[in-house]
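As structure tokens, the structure follows; a few thoughts come after it.
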Amino acid sequence: MSGSAIPLRPPRESLDPRARLWWRVHGLVWPVLLAAGLTGLGLLFPSAAWFLPAAGVVVAVGLLVALLFPAYWYRIHRWELTDDAVYTRSGFVWQEWRAAPLSRIQTVDTTRGPLQQALGLATLVVTTASSKGAVRIAGLDHERAAEIAGALTRATQAVPGDAT
């Protein structure tokens with residue numbers, strides 16, 4: 001690595017506010033599907049009536065998580081693009097801060113699942129020469145993600161690679 005290391009610091013940019021709704025809906029899908037399966041089993045096998053209250057617990061926990069956690073996640077998840085690096089902070093219990101130097105970026109992509117498409121959001125995926133894997137910024141406005149992908153592509157073409 002070169003002598004001028006990229007400092008790890010808090011990123012300044014927030015995600016798109018619609019990310020909270022995306023997390024809420026996404027967080028409810030699996031509990032609802034699981035509860036539907038448990039309810040079906042409880043109705044199919046009356047001797048296993050415990051499936052019905054279990055379905056209720058799954059829905060209650062899913063609702064609690066979907067209502068409370070996205071506001072917290074929105075405060076935690078941050079990103080920033082500078083002339084030197086892409087900075088991200090993500091996580092819940094275990095938070096991860098990353099700085100991906102532009103000279104280490106290999107590819108830049110955007111991905112959009114069906115729910116993200118419906119909400120006008122995208123995930124920016126910055127693949128680096130790191131064993132930690134790609135840097136992901138999920139919950140960006142899809143046009144903003146495309147702009148950032150273009151800017152990163154242009155910026156990384158202008159930065160010489162790190163030969164070490």
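The values are calculated or read from the model by the stated rules, or taken from the named source; none is laboratory data. Just so it is clear, the model here is predicted, and its values are computed rather than measured. FYI the Cβ positions are ideal-geometry reconstructions off the backbone, even for glycines, and counts take in every protein chain you see. For the accessible areas, the whole protein counts, side chains as well, though only heavy atoms, and no ligand, DNA or RNA atoms are used. Shrake-Rupley method; radii C 1.70, N 1.55, O 1.52, S 1.80 Å.
Would you pick out the residues in segment 59-83 that are hydrophobic (A, V, I, L, M, F, W, C) and either closer than 24 Å to LEU152 by Cα or in contact with a strand residue (DSSP E or B) (Cβ under 7 Å, 6 or more places away or on another chain) (or both)? Talk me through it step by step, then tell me what you get.
Of all residues in segment 59-83, those hydrophobic (A, V, I, L, M, F, W, C) come to 59-61, 63-69, 71, 73, 76, 79, 81.
Once the filter is applied, which keeps residues that are hydrophobic (A, V, I, L, M, F, W, C) and either closer than 24 Å to LEU152 by Cα or in contact with a strand residue (DSSP E or B) (Cβ under 7 Å, 6 or more places away or on another chain) (or both), segment 59-83 yields ILE76, TRP79, LEU81.
Let's see how each residue does on (1) open to solvent by 30 Å² or more (accessible area, probe 1.4 Å); (2) under 20 Å from LEU8 (Cβ atoms); (3) free of Cβ contacts under 8 Å to residues at least 40 places away in the same chain; (4) part of a helix (DSSP H, G or I):
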{"position": "TYR87", "(1), (2), (3), (4)": "no, yes, no, no"}
{"position": "TRP97", "(1), (2), (3), (4)": "yes, yes, no, no"}
{"position": "LEU115", "(1), (2), (3), (4)": "yes, no, no, yes"}
{"position": "SER131", "(1), (2), (3), (4)": "yes, yes, yes, no"}
{"position": "LEU140", "(1), (2), (3), (4)": "no, no, no, no"}
{"position": "ALA146", "(1), (2), (3), (4)": "yes, no, yes, yes"}
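Going through PRO53, PRO11, PRO70 one at a time, which residue ends up being assigned to a helix (DSSP H, G or I), over 16 Å from LEU119 (Cβ atoms) and not aliphatic (A, V, I, L, M)? Quick ask: steps written out before the conclusion?
Numbers: PRO11 fails: assigned to a helix (DSSP H, G or I); PRO70 fails: over 16 Å from LEU119 (Cβ atoms).
Just a single option satisfies the conditions, and that option is PRO53.
Name the residues in segment 117-129 that are free of Cβ contacts under 8 Å to residues at least 60 places away in the same chain and open to solvent by less than 30 Å² (accessible area, probe 1.4 Å), would you?
Step one: filter segment 117-129 for residues free of Cβ contacts under 8 Å to residues at least 60 places away in the same chain, giving 117-118, 122-129.
Passing the criteria: ALA122, THR123, LEU124, VAL125, VAL126, THR128.
ARG24 - would you say it is farther than 24 Å from GLN157 by Cβ, at pLDDT 90 or above and open to solvent by 80 Å² or more (accessible area, probe 1.4 Å)?
Numbers: farther than 24 Å from GLN157 by Cβ: yes; at pLDDT 90 or above: yes; open to solvent by 80 Å² or more (accessible area, probe 1.4 Å): no.
No.
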